[in-house]
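Working notes, beginning with the structure itself.
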Amino acid sequence: MSSDPSPAQQFIDAVPHAKALGLVLEEITDGCAVMSMPYDERFIGDPLTRVISGGAVSALLDTCCGAAVMSYPGALGTATLDLRIDYMRAAKPGQRIVARAECFHATRTVAFVRATAHDEDEGLPVATASGAFTMEAGSRMKEATT
């Protein structure tokens, strides 16, 4: 196994807010990424309930989606074009949040991604996302794309 980080890990390492939020790349496969964000009192959005702010959840989802695009065969670079996030419920205070993103379709220039974030209750999402990302493609691009 190579000690060089994957393009997705290099992407995450280059994003300053990913480090500030403590984002961890848990799993990466072709076009899919799993990231986690630990509970951190610095990111509480409501001091009364101690719930993590929607902005932190949004950053987790956006970064996880970008990592999924970067892991898509042939992707060399990406940026968010459009991202819709639907917040389902507040994450439980004290629990880490895990995001899973899948790049389910790509053209030569645009990748389409969907993602879900949850706390320890995996069956009840905190938020879902769907978006479009730029994709700088290389020679490894899947033949199925157009």
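The values are calculated or read from the model by the stated rules, or taken from the named source; none is laboratory data. On a predicted model such as this, the values are computed, not experimentally measured, just so you know. Neighbour counts are summed over all protein chains in view; Cβ atoms, including those assigned to glycine, are modelled from backbone coordinates with ideal geometry.
Sort out which residues of the range 89-113 are part of a loop (DSSP other than H, G, I, E, B), surrounded by fewer than 21 Cβ atoms within 10 Å (Cβ to Cβ) and not hydroxyl-bearing (S, T, Y), and write them in order of number.
R89, A90, K92, P93, G94, Q95, R96, R108
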Worksheet item: Do we have T116 as at pLDDT 95 or above, hydroxyl-bearing (S, T, Y) and either crowded, with 17+ Cβ neighbours inside 10 Å or in contact with a Cys (Cβ under 9 Å, 6 or more places away or on another chain) (or both) here?
Response: yes
Worksheet, complete the sentence: Inside the range 68-88, the number of residues satisfying the requirement of being part of a loop (DSSP other than H, G, I, E, B), in contact (Cβ under 8 Å) with a residue 60 or more places away in the chain and touching a Leu at 6+ places or on another chain (Cβ under 9 Å) is 0
Worksheet item: When you scan the range 1-67 for strands (runs of 3 or more DSSP E) that lie fully inside it, which ones turn up with 2 or more residues that are buried (at least 16 other Cβ atoms within 10 Å of the Cβ) and in contact (Cβ under 8 Å) with a residue 60 or more places away in the chain?
Response: 32-37
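Return yes or no: is A111 modelled with pLDDT of 95 or more and either closer than 15 Å to L23 by Cβ or out of contact with any strand residue (DSSP E or B) (no Cβ under 6 Å at 6 or more places or on another chain) (or both)? Don't jump to the end; show me each part of the working.
Numbers: modelled with pLDDT of 95 or more: yes; either closer than 15 Å to L23 by Cβ or out of contact with any strand residue (DSSP E or B) (no Cβ under 6 Å at 6 or more places or on another chain) (or both): no.
No; evaluated as a whole, the condition is false for this residue.
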